[in-house]
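*Asks:* Let me begin by handing over the structure; questions about it come next.
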Amino acid sequence: MGWAERGDLRATGHGNSVPRFHVAWGTGTGVVEPFVRSVLQAADAGLVRFHHRHRVDELILTGGAAPGVRGALLGPDDAPRGVATNRDEVGEFELTAQAVILATGGIGANHEMVRRLWPARLGQPPATMVTGVPAHVDGRMLDIAASSGVRLVNRDRMWHYTEGVQNWNPIWPGHGIRILAGPSSMWFDALGRRLPEPCFPGYDTLGTLGYLRTTTDLAGYDHSWFILTQKILRKEFALSGSEQNPDITNRDRQAFLRTRLLSRRAAGPVEAFKDHGADFVVAHTLEDLVAKMNALTDTPLLDPAAIRAQIQARDLQTANVVSKDAQILGIRNARHNLGERLGRTAAPHRILDPAAGPLIGVKLHILTRKTLGGIQTDLDGRALGLDGQPLLGLYAVGEVAGFGGGGVHGYNALEGTFLGGCLFTGRTAGRAAAATT
């Protein structure tokens, strides 16, 4: 359990008041495992048929109903997971059924579409991003649905992370990993200025994204920086993705205790990023660290003296149990929670303390992820036409429907609430379809 989206520092504002973000035991593979088992059993019983390598290119809509789909049959391909497969068309197909349920995800892998739909409230869209979803999450089915007369709404609602790093061992093109950071790393903009409150690690995802994209002299830069210590890395850095959490994915309790609570090093995948990641630099002095950070940009933008002054000002605030630094206050507040104190939030210490080192710099990219708008549906998950009436037999669930109805989260969301929308809308649409067939 962690404390994601710690909030914007207001009692009535955005964020979670308590730690409530849970990583499922088994990670994502563990979550889908019972569903996979059920559908495979149904296939063995002759109740389910898979149509692999069938690419849907068109919804069949007649008389306000959707009886099926058409598309191209693609040539065989045994490429491993995440690798782009061939698009060789070797035939055509048409499938009909009593119901068509769209569950094709969002737009995160289609950077052109992300930029085209980027909301004005989040400022200038980034020229470069890393990709937090597989290549097939490209928004293609949204365009196909729209061209068939399905109503799309809230296209400018989206959720992208500001703590993305390039995956040194990628699975899909442009593969980015999100750092699930505790509250202690110092966060600097591309020009070397500490981000203002509440733009601290793990506090307000879209608020920080908006700050970085709407601040006039930052909009031309697509990166920011963490500066931290090995002590912070060991306790506070986690990475998104089942591959980055083998102890939890494999349900290995001994490995979890050994790597997360008892080791003096960070978890193995985190250390691998520190050693191999293109966005990580390590040094024993701040001047050497800043020089390495400047080497990761086209021109040197960071002034080591200015960085030192800001870190020293922050470090002075750790000397007393009281402090006027909002980030230090947040760290101490978090450690009142036993789980945070034992496994998530490092004890306050000076960034420039050699005993806590070495120093680590991390170049952060915007990581595309979630689509909060999409196909509008009614309460049964039925897709609506342009006239606002349900299209008989056509349903949309999960991210393609903005996690519910075309945008159940509004313009913001809370970390940890997305999976529930997928499960709930899938169940709702499945029950509705079964009741009418």
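*Asks:* Compute log10 of I(q)/I(0) for region 14-126 with the Debye formula, placing one identical point scatterer on every Cα and leaving out solvent, at q = 0.10, 0.13, 0.16 Å⁻¹, to two decimals.
*Replies:* -0.56, -0.91, -1.20
*Asks:* Let me ask you something else. Using 5 Å bins from zero, what percent of all Cα-Cα pairs in region 45-88 falls into each bin?
*Replies:* 5, 17, 17, 20, 16, 15, 7, 3, 0
*Asks:* Under 10 Å, Cα contacts only: if you run a Gaussian network model on the chain, which one of Gly405, Gly91, Gly220 comes out with the highest mean-square fluctuation?
*Replies:* Highest fluctuation among the options: Gly91.
*Asks:* At 0.36 nm per residue, minus the direct Cα-Cα distance, what do Ser38 and Arg10 gain on full extension? Give it in nm, one decimal, please. If you can, show how the numbers build up before the last one.
*Replies:* On the way: separation 28, 0.36 × 28 = 10.08 nm, distance 4.46 nm.
That works out to 5.6 nm of additional length.
*Asks:* If you place +1 on the Cβ of every Lys and Arg and -1 on the Cβ of every Asp and Glu, how big does the dipole about the Cα centre of the chain come out, in debye to the nearest 20?
*Replies:* With Lys and Arg at +1 and Asp and Glu at -1, about 1380 debye.
*Asks:* Sticking with this structure for a sec: Please express the shape of the chain as an equivalent ellipsoid: the semi-axes are the square roots of 5 times the eigenvalues of the C-alpha gyration tensor, given largest first in whole angstrom.
*Replies:* Working: eigenvalues 357, 102, 90 Å².
After scaling each eigenvalue by five and taking roots: 42, 23, 21 Å.
*Asks:* Within 10 Å of each residue's Cβ, count the other Cβ atoms and sort Phe256, Phe200 from fewest upward. Spell out each step's value before the answer.
*Replies:* Numbers: Phe256 19, Phe200 23.
Least crowded to most crowded, the residues run Phe256, Phe200.
*Asks:* On to the next question. Once the piece of chain linking Ser147 and His284 is laid out straight, how much longer is it, given 0.36 nm per residue of separation minus the C-alpha distance between them? All intermediate terms of the calculation are to be shown ahead of the outcome.
*Replies:* Details: separation 137, 0.36 × 137 = 49.32 nm, distance 5.73 nm.
Between Ser147 and His284, full extension yields 43.6 nm more.
*Asks:* When the Debye formula is applied to the Cα atoms of region 173-367, each taken as the same point scatterer, what base-10 log of I(q)/I(0) results at q = 0.08, 0.15, 0.16, 0.19 Å⁻¹?
*Replies:* -0.25, -0.95, -1.09, -1.54
*Asks:* Something else: In a shell of Cβ-Cβ distance under 10 Å around Tyr203, excluding Tyr203 itself, what net charge do Lys and Arg (+1) and Asp and Glu (-1) give?
*Replies:* On the way: positive: Arg6; negative: Glu5, Asp8, Glu197, Asp204.
With Lys, Arg at +1 and Asp, Glu at -1, the neighbours total -3.
*Asks:* Round to a whole angstrom and tell me the spacing of the C-alpha centers of region 168-213 and region 359-437.
*Replies:* 25
*Asks:* Given the options Gly13, Gly404, Gly71, state which has the largest fluctuation in a GNM of the chain using a 10 Å cut-off (strictly under) for Cα springs.
*Replies:* In this elastic network of the chain, the residue with the biggest mean-square fluctuation among Gly13, Gly404, Gly71 is Gly13.
*Asks:* Determine the dipole magnitude for region 173-367: charges of +1 sit on the beta-carbon of Lys and Arg, -1 on that of Asp and Glu, nothing else is charged, the reference point is the Cα centre, and the result goes in debye to the nearest 20. Working shown, then result.
*Replies:* Details: 24 positive and 20 negative charges, 173 e Å.
Magnitude of the dipole: close to 840 debye.
*Asks:* Equivalent ellipsoid semi-axes for region 341-387, as square roots of 5 times the alpha carbon gyration tensor eigenvalues: give them largest first, rounded to whole Å.
*Replies:* Working: eigenvalues 488, 50, 8 Å².
The equivalent ellipsoid of region 341-387 has semi-axes of 49, 16, 6 Å.
*Asks:* For the residues Phe418, Phe403, what sequence is obtained by ranking on other C-beta atoms within 10 Å, fewest first?
*Replies:* Working: Phe418 17, Phe403 29.
Final ranking by Cβ density, sparse to dense: Phe418, Phe403.
*Asks:* Using a Förster distance of 41 Å, how high is the FRET efficiency between His51 and Glu112, based on the Cβ-Cβ distance and rounded to 0.05?
*Replies:* Working: r = 29 Å, r/R0 = 0.70.
The calculated FRET efficiency here is 0.90.
*Asks:* Hey, with R₀ at 25 Å, roughly what FRET efficiency would Val18 and Leu257 work out to, going by the Cβ-Cβ distance, to 0.05? Don't skip to the answer; put the middle values down first.
*Replies:* Values: r = 24 Å, r/R0 = 0.96.
According to the calculation, E is roughly 0.55.
*Asks:* Taking 30 Å as R0, compute the FRET efficiency from the Cβ-Cβ separation of Phe424 and Asp156 and round it to 0.05.
*Replies:* Working: r = 24 Å, r/R0 = 0.79.
E(calc), rounded to 0.05, equals 0.80.
*Asks:* Once Rh is set to the Kirkwood radius over Cα pairs, what Stokes-Einstein translational diffusion coefficient, in µm²/s, holds for region 73-174 at a temperature of 10 °C and a viscosity of 1.306 mPa s? Provide the component values of the computation, followed by the final result.
*Replies:* Values: Rh = 16.2 Å.
Value of D from the Cα-based Kirkwood radius: 98 µm²/s.
*Asks:* Run the quick spin-label model on Asp88 and Thr216: label points 7 Å from Cα toward the beta carbon, then report their separation in nm to one decimal.
*Replies:* Rounded to a tenth, the inter-label distance reads 5.7 nm.
*Asks:* Regarding region 248-291, what is the average projected area of its C-alpha convex hull, in nm²? Walk me through the numbers before you get to the answer.
*Replies:* Numbers: hull surface 16.3 nm².
Mean orientational projected area (region 248-291, Cα hull): 4.1 nm².
*Asks:* Report the residues of region 387-407 in range of a label on Ala103: point 7 Å along Cα→C-beta, backbone N strictly under 12 Å from it.
*Replies:* What the label zone holds, given the 12 Å backbone N cut-off, is 396-400.
*Asks:* Stokes-Einstein D for region 282-437 at 25 °C, 0.890 mPa s, Kirkwood Rh over Cα pairs, in µm²/s?
*Replies:* Working: Rh = 20.2 Å.
Rounded to a whole number, D works out at 121 µm²/s.
*Asks:* Continuing with the same structure: Using DSSP to define loop residues, name the trypsin sites (Lys or Arg not before Pro) in region 260-334 whose beta-carbon has at most 11 other beta-carbon atoms within 10 Å.
*Replies:* On the way: sites: Arg260, Arg264, Arg265, Lys274, Lys292, Arg308, Arg314, Lys324, Arg332; in loops: Arg264, Arg265, Lys324.
Sparse-neighbourhood loop trypsin sites (Lys or Arg not before Pro): Arg264, Lys324.
*Asks:* Sort 40-53, 361-374 for me by packing, meaning the mean count of neighbouring Cβ atoms within 10 Å per residue, highest on top.
*Replies:* Numbers: 40-53: 10.4, 361-374: 25.3.
The most tightly packed comes first, giving 361-374, 40-53.
*Asks:* I want to check the label-to-label distance for Asp77 and His136. Put each point 7 Å from Cα in the C-beta direction and report it in nm to one decimal.
*Replies:* With each label placed 7 Å out from Cα toward Cβ, I get 1.0 nm.
*Asks:* Could you compute the net charge surrounding Thr249? Neighbours are other residues with a C-beta less than 15 Å from the C-beta of Thr249; K and R count +1, D and E count -1.
*Replies:* Numbers: positive: Arg81, Arg251, Arg253, Arg260; negative: Glu33, Glu243, Asp247, Asp252.
Local charge sum for Thr249: 0.
*Asks:* Run lengths n ≥ 4 of DSSP H only: what is the helix-derived mean residue ellipticity at 222 nm for the chain, with -39500 (n - 2.57) per run over all residues, to the nearest 500?
*Replies:* -8000 deg cm²/dmol
*Asks:* Could you list Thr205, Thr85, Thr345, Thr249 so that the one with the fewest beta carbons within 10 Å of its beta carbon is first and the one with the most is last? Intermediate results must be reported in sequence, preceding the final value.
*Replies:* On the way: Thr205 23, Thr85 15, Thr345 26, Thr249 19.
Fewest-to-most Cβ neighbours within 10 Å comes out as Thr85, Thr249, Thr205, Thr345.
*Asks:* Further, regarding this structure: Report the Cα centroid-to-centroid distance between region 216-232 and region 33-86 in angstrom, as an integer.
*Replies:* 42
Bear in mind that the values in this text are calculations on the coordinates, not laboratory data. This structure is a prediction, so every number in the text was calculated from the model and none was measured. With ideal geometry, Cβ positions are generated from the backbone for all residues, glycine too; neighbour counts draw on all protein chains shown.
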